[in-house]
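The values are calculated or read from the model by the stated rules, or taken from the named source; none is laboratory data. Model, not experiment: these values are computed from the prediction. We place every Cβ from the backbone using ideal geometry, glycine too, and count neighbours over all the protein chains shown.
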Amino acid sequence: MQKIGSCSVVYARDAETLVYDWGKVKLLSTPDFAGGDTMTFGAVVLEEGNGHERHNHPDADEIIYVLSGEGDQMLDDRKPVAVGPGAMIYVPRGVYHSTMNTGSGPLRLLVVYAPAGTEKVLRTLPGVQILAPGTA
């Protein structure tokens, strides 16, 4: 990570990797890393056939952007919709949602939480393995 005044330049290799049985998360900007005081930014990889179970974020809005792959996005406990590259999903705080990889390879996503803080729960999920920067 490179600090330039109050700004930061962060590469994926600079961040820890949170590894789960369903995929990986790299939090590239949080209040504790790179100065993301008002929002959190991360990169998520959902492995083939896996995804996030139904959950919500009571205190934060979430934006999900699909970089590559194919998936089903459930929103507000309604029938899932197919999503693919270029899709942006806005999830208001408190709304239940889930993302499942339905494609033949990884589903790569960018995520933003606003305000920051919601990401802390990711470090406490059952089975999480936290890898040091530069190791994954």
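Data for the structure
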read-out: Within region 3-46, considering residues that are in contact (Cβ under 8 Å) with a residue 60 or more places away in the chain and of a type in the set (Asp, Glu), the one farthest from residue 101 (Cα to Cα); value: 37
read-out: Neighbours by Cβ (under 6 Å, 6+ apart or cross-chain): first from region 77-91, within 18 Å of residue 104 (Cβ to Cβ); second at pLDDT 95 or above and assigned to a loop (DSSP other than H, G, I, E, B); value: 84/70
read-out: Yes/no for residue 118 being touching an Asp or Glu at 6+ places or on another chain (Cβ under 8 Å), modelled with pLDDT of 95 or more and surrounded by 15 or more Cβ atoms within 10 Å (Cβ to Cβ); value: no
read-out: Residue 54 being among the basic types (Lys, Arg) and touching a Gly at 6+ places or on another chain (Cβ under 6 Å); value: no
read-out: Odd one out for residue 30 among (1) modelled with pLDDT under 95; (2) out of contact with any Lys or Arg (no Cβ under 9 Å at 6 or more places or on another chain); value: (2)
read-out: Matching strands (runs of 3 or more DSSP E) fully within region 42-136 where at least 1 residues are over 28 Å from residue 13 (Cβ atoms) and not basic (Lys, Arg); value: 51-55, 61-68, 71-75, 81-83, 88-91, 97-101
